[in-house]
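Undergrad: Encoded as structure tokens, here's the structure I'll be asking about.
The values are calculated or read from the model by the stated rules, or taken from the named source; none is laboratory data. Predicted, not measured: the structure shown is a model, and the values here were computed from it. Every residue, glycine as well, gets a Cβ built from its backbone with ideal geometry; the counts of neighbours run over all protein chains shown. Heavy atoms of the whole protein, side chains included, go into the accessibility calculation; ligands, DNA and RNA do not. Shrake-Rupley method; radii C 1.70, N 1.55, O 1.52, S 1.80 Å.
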Amino acid sequence: MQSFLSSRPTTEIAAALLGKQLRLQTASGPLTAWITETEAYLGANDAGAHAYQNHQTARNRVLWQPAGTIYIYQMRALYLLNLVTQVAGTPECVLIRGIEPASGVEQMQHNRPVPLANLTNGPGKLMQALGLDKTLNGQPLQKATLSLDLDHVRQPRQIIKSPRIGIVNKAEWTSAPLRFYVAGNPFVSKIGRKTIDSHTHGWQ
DNA sequence: AAAGTGATTGTCT
DNA sequence: GACAATCACTTTC
């Protein structure tokens with residue numbers, strides 16, 4: 001898992017995470033979901049990243065930890081989940097922006113009581129559905145209740161690249177194609193109903 | 001369907 | 001005191 005998150009550029013990792021399974025152990029059983037949407041954040045050179053110019057603060061310091069470290073920070077009243085990539089000292093990460101529930105959907109809907117179509121199609125929404133706050137920040141995936149399952153995977157039929165969401169006034173970094181999502185999947189933020197493939201959800 | 005607005009709350013200067 | 005890797009709701013086309 002550590003090598004999956006460090007053996008190639010972070011952009012490639014962000015794309016390769018699509019279809020991998022996220023697993024959370026809870027008191028009422030496991031919650032699992034396939035990753036449908038990600039964004040790459042490229043560290044010191046990336047004007048849209050928290051680690052831009054290697055500026056370290058209390059909030060972002062776990063970005064300098066090794067691949068597999070969980071980085072969770074608060075945005076307004078919500079929490080956002082990132083997975084740190086690359087070796088220690090290289091502050092890159094991937095933001096998880098969408099997941100498709102696989103098991104434990106009832107628990108997720110209890111945590112976030114909205115229609116299924118609106119349950120996990122956004123970075124703050126999916127954390128509410130999983131019932132997570134920033135407690136896991138700084139923990140390695142290998143030891144946390146949250147983990148990456150590289151064995152139970154689905155294959156995206158097509159991966160779409162686009163600019164990242166919410167990155168404004170950051171010159172070329174605003175339009176850089178660093179967001180990746182499964183074409184046709186309904187659990188992706190800001191996608192039109194027309195583009196959804198309700199039969200396959202974009203999986204092969 | 002798209003664009004605009006206000007809520008919300010910690011973080012950083 | 002300004003601002004943010006969002007969300008839900010309203011307005012408008």
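Undergrad: Which of these, A:Gln21, A:Gln107, A:Gln158, has the largest mean-square fluctuation under a Gaussian network model of chain A (Cα springs below 10 Å)?
TA: Comparing A:Gln21, A:Gln107, A:Gln158 in a Gaussian network model of chain A, the most mobile one is A:Gln158.
Undergrad: Determine the distance separating the Cα centre of region A:18-43 from the Cα centre of region A:73-88; give it in Å without decimals.
TA: 13
Undergrad: Moving to a separate point now. Considering Cα pairs under 8 angstrom that are at least six residues apart, work out the relative contact order of chain A and quote it in whole percent.
TA: Working: 486 pairs, mean separation 49.4, N = 204.
The value is 24 percent.
Undergrad: Which value, in Å² and to the nearest 10, is the accessible area of A:Leu81 when all protein chains are kept and the probe is 1.4 Å?
TA: Around 0 Å² of this residue is reachable by solvent.
Undergrad: On a 1.4 Å probe surface of the protein chains, which of A:His201, A:His110 comes out largest in accessible area, and what is the full order? Intermediate results must be reported in sequence, preceding the final value.
TA: Numbers: A:His201 45, A:His110 140 Å².
Greatest to least solvent exposure: A:His110, A:His201.
Undergrad: Using a 1.4 Å probe on the protein heavy atoms only, what accessible surface does A:His152 show? Give it in Å² to the nearest 10.
TA: Rounded to the nearest 10, that gives 110 Å².
Undergrad: Another question, if that's okay. Rank these residues by their accessible area, most exposed first, probe 1.4 Å: A:Lys161, A:Lys143. Can you show the working numbers first?
TA: Values: A:Lys161 135, A:Lys143 175 Å².
Ranked from most to least accessible, the order is A:Lys143, A:Lys161.
Undergrad: Can you send over the carbon and sulfur percentage of the accessible area for region A:10-195, probe radius 1.4 Å, protein chains only?
TA: Values: 4380 of 8520 Å².
Roughly 51 percent, rounded to a whole number.
Undergrad: Applying the Karplus parametrisation 6.51 cos²θ - 1.76 cosθ + 1.60 with θ = phi - 60° to the phi angles of region A:38-52, what ³J(HN,Hα) value in whole Hz is obtained for each residue in order, glycine and proline being reported as x?
TA: These are the phi-based 3J(HN,Hα) values: 9, 9, 8, 10, 9, x, 4, 8, 8, 5, x, 9, 5, 8, 3 Hz.
Undergrad: Moving on to the next point. For A:Glu106 paired with A:Ala88, estimate the spin-label separation in nm (one decimal), with each label point 7 Å from Cα along the Cα-to-Cβ line.
TA: About 4.4 nm, to one decimal.
Undergrad: Using each residue's phi in region A:168-176, evaluate 6.51 cos²θ - 1.76 cosθ + 1.60 at θ = phi - 60° and report the 3J(HN,Hα) Karplus result to the nearest Hz, with x for Gly and Pro.
TA: The phi angles translate into 10, 6, 10, 6, 5, 6, 5, 9, 4 Hz.
Undergrad: Let me ask you something else. Karplus couplings for region A:87-97 from phi (6.51 cos²θ - 1.76 cosθ + 1.60, θ = phi - 60°), rounded to Hz, Gly and Pro as x?
TA: 6, 4, x, 10, x, 9, 7, 10, 8, 8, 9
Undergrad: Across all directions of projection, what mean area in square nanometres is found for the Cα convex hull of chain A? Please list the in-between numbers first.
TA: Values: hull surface 43.5 nm².
The orientation-averaged projected area of the Cα hull of chain A comes to 10.9 nm².
Undergrad: Estimate the FRET efficiency between A:Ala183 and A:Arg61 by the formula 1/(1 + (r/R0)^6), using the beta-carbon distance for r and 41 Å for R0, to the nearest 0.05.
TA: With a Förster radius of 41 Å, E is 0.70.
Undergrad: Which value, in debye to the nearest 20, describes the size of the charge dipole of chain A about its Cα centre when Lys and Arg Cβ atoms bear +1, Asp and Glu Cβ atoms bear -1, and nothing else is charged? Write down the numbers at each step before the final one.
TA: Values: 20 positive and 12 negative charges, 72 e Å.
Using only the charged Cβ atoms, the result is roughly 340 debye.
Undergrad: In addition: What residue among A:Ile160, A:Ile72, A:Ile96 shows peak mean-square fluctuation when chain A is described by a Gaussian network model with Cα springs under 10 Å?
TA: Highest fluctuation of the listed residues: A:Ile160.
Undergrad: In the Gaussian network model of chain A, springs joining C-alpha atoms below 10 Å, which of A:Ala183, A:Ala33, A:Ala117 carries the largest mean-square fluctuation?
TA: It is A:Ala117.
Undergrad: Using label points projected 7 Å from each Cα along Cα→Cβ, tell me how many nm separate A:Asp149 and A:Thr174, to one decimal.
TA: That separation, rounded to one decimal, is 4.1 nm.
Undergrad: Counting only helical runs of four or more DSSP H residues, what would the 222 nm mean residue ellipticity of chain A come to if each run contributes -39,500 (n - 2.57) and the total is spread over all its residues?
TA: Numbers: 4 runs with 26 residues, N = 204.
Rounded to the nearest 500, it is -3000 deg cm²/dmol.
Undergrad: Report the extension gain between A:Lys161 and A:Val114 in nm, rounded to one decimal, defined as 0.36 nm multiplied by the number of residues separating them, less their alpha carbon distance.
TA: Working: separation 47, 0.36 × 47 = 16.92 nm, distance 2.81 nm.
Result: 14.1 nm gained on full extension.
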